[in-house]
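Enquirer: Below is one structure. I have some questions about it.
The values are calculated or read from the model by the stated rules, or taken from the named source; none is laboratory data. Note that the structure is a prediction, hence the values are computed from the model and not measured. Glycine also receives a Cβ, built like all others from the backbone with ideal geometry; neighbour counts cover every protein chain displayed. The protein model used for the area step is the full one, side chains on, heavy atoms only, and it has no ligands, DNA or RNA in it. Shrake-Rupley method; radii C 1.70, N 1.55, O 1.52, S 1.80 Å.
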Amino acid sequence: MNVLIIEDDHATAAEIGRVLDGAGFASDHAATLDSGIARATEGNYHLVLLDRMLPGGDGLDVIERIRANGKRTGVLVLSALGRTTNRVEGLDRGADDYLAKPFEADELIARARAVIRRLAAAPSPEILSFGDIEIHAKARTVHRGGKHIALSPKEFKLMKTFADHVGEVLTRTMLLEMVWNLHFDPQTNVVDVHVGRLRRKLEVNGQSQVIHTARGTGYIFRPAT
């Protein structure tokens, strides 16, 4: 399980990382609001451990950016702001749990695991939102800027696959397996052709590019927020 620690106190971050490593988690660290937002929205994390008083602003702003990217990453706030009003504010703004400092290592691990379990058991949302893009899972439709984008069944499956792996580089081989159920490379450009069509439909009115090429590797869905 991958965890991002957003904490400006390096000693505290190092200790949390040590505790996480001992419990079998893999952790990364960001020390400012801006770097935390960048890592949380571009990386692939199961959980974010979030301090509030960060260089650059309130850590709760990270939550809004994560949700705007359509990510289902869990967020556990770890803050010295531990009054009831602080905890209520954090939960109201989208945190999955809130733990006041100081805390015991065992409780931190227990709460982290509980957040991840709840998210794993929760059904996927019917509507996935990424900035001005909406993907309606049950209706199998895509809208951008409020306008419907007509996609073929295969193009929709490709779009949904990108959305389920937002911020991750998907190789052509991975896309062949997930979208076409092909477990070998048929030596065709079918992936590139379909990605090209999808891009043109998403950008037909001059909207910003959201599917980017990872040179020599594959593609990455990275919508603007």
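Enquirer: Below 8 Å between Cα atoms, with a sequence gap of 6+, how large is the relative contact order for the stretch 3-79 in percent?
Expert: Details: 125 pairs, mean separation 25.5, N = 77.
For the stretch 3-79, the relative contact order is 33 percent.
Enquirer: When only C-alpha pairs under 8 Å and at least 6 residues apart count, what is the relative contact order of the chain, in percent?
Expert: On the way: 359 pairs, mean separation 33.0, N = 225.
Across the chain, relative contact order equals 15 percent.
Enquirer: What is the set of long-range amide H partners of Leu4 at a cut-off below 5 Å, with H atoms built 1.01 Å from backbone N?
Expert: Close amide H contacts, sequence-distant or interchain: Asp28, Leu47, Val48, Leu49.
Enquirer: How far, in degrees from 0 to 90, does helix 153-164 lean away from the longest principal axis of the Cα atoms of the chain, to the nearest 10?
Expert: On a 0 to 90 degree scale, this one is about 20.
Enquirer: Then there is this: In degrees between 0 and 90, to the nearest 10, how far off the longest principal axis of the chain does helix 10-22 point, with axes built from Cα atoms?
Expert: Computed tilt is about 70 degrees.
Enquirer: On to the next question. Give me the 1.4 Å probe accessible area per residue for the chain, excluding ligands and nucleic acids, in Å².
Expert: Numbers: 11270 Å² over 225 residues.
That works out to 50 Å² for each residue.
Enquirer: Here is a follow-up. Tell me, what is the FRET efficiency for Asp92 and Ala121 to the nearest 0.05, using R0 = 22 angstrom and their Cβ-Cβ distance as r?
Expert: Working: r = 23 Å, r/R0 = 1.03.
With a Förster radius of 22 Å, E is 0.45.
Enquirer: Note the full-extension length gain between Arg140 and Ala68 as 0.36 nm times their separation in residues minus their Cα-Cα distance, in nm to one decimal. Before the final figure, lay out each step's value.
Expert: Working: separation 72, 0.36 × 72 = 25.92 nm, distance 2.03 nm.
Taking Arg140 through Ala68 to full extension adds about 23.9 nm, to one decimal.
Enquirer: Let me check against my output: what whole-number percent is the relative contact order of the stretch 153-221, with C-alpha pairs under 8 Å and at least 6 apart? Don't skip to the answer; put the middle values down first.
Expert: On the way: 65 pairs, mean separation 29.2, N = 69.
Computed over the stretch 153-221, the figure is 42 percent.
Enquirer: Along the Cα→Cβ direction, 7 angstrom out, place labels at His148 and Arg172. What is the inter-label distance in nm?
Expert: Using points 7 Å along Cα→Cβ, the separation is 3.4 nm.
Enquirer: Rounded to the nearest 0.05, what FRET efficiency is calculated for Asp185 and Ile109 with R0 set to 45 Å and r the Cβ-Cβ distance? Spell out each step's value before the answer.
Expert: Values: r = 42 Å, r/R0 = 0.93.
FRET efficiency, Asp185 to Ile109: 0.60.
Enquirer: Pick out, in residue order, every one of the chymotrypsin sites (Phe, Trp or Tyr not before Pro) in the stretch 141-191 that is DSSP loop and has at most 11 other C-beta atoms within 10 Å; say none if there are none.
Expert: Here the chymotrypsin sites (Phe, Trp or Tyr not before Pro) that fit, given the DSSP loop and packing criteria, are Phe184.
Enquirer: Can you tell me the orientation of helix 190-202 relative to the chain, as the angle in degrees between its alpha-carbon axis and the longest Cα principal axis, to the nearest 10?
Expert: Once rounded, the angle reads 80 degrees.
Enquirer: Continuing with this model, one more query. Nearest 500 deg cm²/dmol is fine: what mean residue ellipticity at 222 nm does the chain get from its DSSP H runs of n ≥ 4 alone, each adding -39,500 (n - 2.57), divided by its residue count?
Expert: Taken over the chain, the calculation gives -12500 deg cm²/dmol.
Enquirer: Would you work out the charge dipole size for the chain about its Cα centre, treating the Cβ of every Lys and Arg as +1 and the Cβ of every Asp and Glu as -1, and quote it to the nearest 20 debye? Before the final figure, lay out the partial values.
Expert: Numbers: 29 positive and 29 negative charges, 233 e Å.
Dipole size: approximately 1120 debye.
Enquirer: How far, in nm, would the chain grow between Asp34 and Ala100 when pulled straight, counting 0.36 nm per residue and subtracting the alpha carbon separation?
Expert: On the way: separation 66, 0.36 × 66 = 23.76 nm, distance 2.28 nm.
21.5 nm is the gain from fully extending Asp34 to Ala100.
Enquirer: Something else now. Using a 1.4 Å probe on the protein chains only, how many percent of the accessible area of the chain belongs to carbon and sulfur? Working shown, then result.
Expert: Values: 5690 of 11270 Å².
That share works out to 51 percent.
Enquirer: From the list (1) 23, 21, 16; (2) 63, 21, 15; (3) 35, 19, 16, can you say which value of semi-axes √(5λ) of the Cα gyration tensor in Å was derived from the structure given?
Expert: Recomputing semi-axes √(5λ) of the Cα gyration tensor in Å here gives the entry labelled (3).
Enquirer: Would you kindly derive the ³J(HN,Hα) couplings of the stretch 128-144 from the backbone phi angles with the Karplus curve 6.51 cos²θ - 1.76 cosθ + 1.60 (θ = phi - 60°), listing them in order in whole Hz, with x for Gly and Pro?
Expert: 9, 10, 9, x, 8, 9, 10, 10, 9, 5, 5, 6, 6, 10, 10, 10, 9
Enquirer: For the residue pair Asn205 and His10, what label-to-label distance in nm results when each label sits 7 Å from Cα along the Cα-to-beta-carbon direction?
Expert: Label at Asn205, label at His10, 4.8 nm between them.
Enquirer: Write out the trypsin sites (Lys or Arg not before Pro) in the stretch 80-171 meeting two conditions: DSSP loop, and at most 12 other Cβ atoms within 10 Å of their Cβ.
Expert: Working: sites: Arg83, Arg87, Arg93, Arg111, Arg113, Arg117, Arg118, Lys138, Arg140, Arg144, Lys147, Lys154, Lys157, Lys160; in loops: Arg83, Arg93, Lys138, Arg140.
Passing both the DSSP loop test and the Cβ count: Arg83, Lys138.
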